[in-house]
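The values are calculated or read from the model by the stated rules, or taken from the named source; none is laboratory data. The structure displayed is predicted, hence computed values, not measured ones. For neighbour counting, all protein chains shown are included, and Cβ atoms are generated from backbone atoms with ideal geometry for every residue, glycine included.
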Amino acid sequence: MSVPARMKFWSWGDLRAGHARRYEKAQLISLLEENGFEIVQFANYGFPFMNITRRLRQLLVHKPIYDNKQYTDKQELTEASGIDRAQEYKFKRFIPFRLMQWLIKCQRFFYNRDLGEGYLVVAKKK
């Protein structure tokens, strides 16, 4: 599974993506273990590229019209989430494809550090 990491990164972009919360590493590990899962692999992804581009992404991606509404139901939040990523694709004009590939490869060196914006977890039921 992939979940958004680090609550300090919470923004309206999370609402647009349908995120109900962001997780801290220890919190996510505890939650999985308490619910009978054994963690096979755990990685933190997105550093350095997503961290570097955070402000730019927030400027390029329009604030969702539902931002001012308080969603209390998870299903309602999911239905209101933006699955259209056309705004994010604006990055293509700023970042050459080869540079993007290199940045994605670079993040592998940081998988075991808690620096990125997302967690990727492989777990199995005990």
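At pLDDT 80 or above and hydroxyl-bearing (S, T, Y) - does that describe any residue in region 50-71? Looking through region 50-71, none of the residues is at pLDDT 80 or above and hydroxyl-bearing (S, T, Y). Scanning region 4-54 for residues that are in contact with a helix residue (DSSP H, G or I) (Cβ under 6 Å, 6 or more places away or on another chain), closer than 17 Å to F110 by Cβ and in a loop (DSSP other than H, G, I, E, B) yields a single hit, F47. Of all residues in region 14-40, those that are within 15 Å of Y119 (Cα to Cα) and out of contact with any Leu (no Cβ under 8 Å at 6 or more places or on another chain) total 14. So if I check each of E79, E33, E24, which one is modelled with pLDDT of 95 or more, surrounded by fewer than 16 Cβ atoms within 10 Å (Cβ to Cβ), farther than 29 Å from L103 by Cβ and acidic (D, E)? Answer to the selection: E33.
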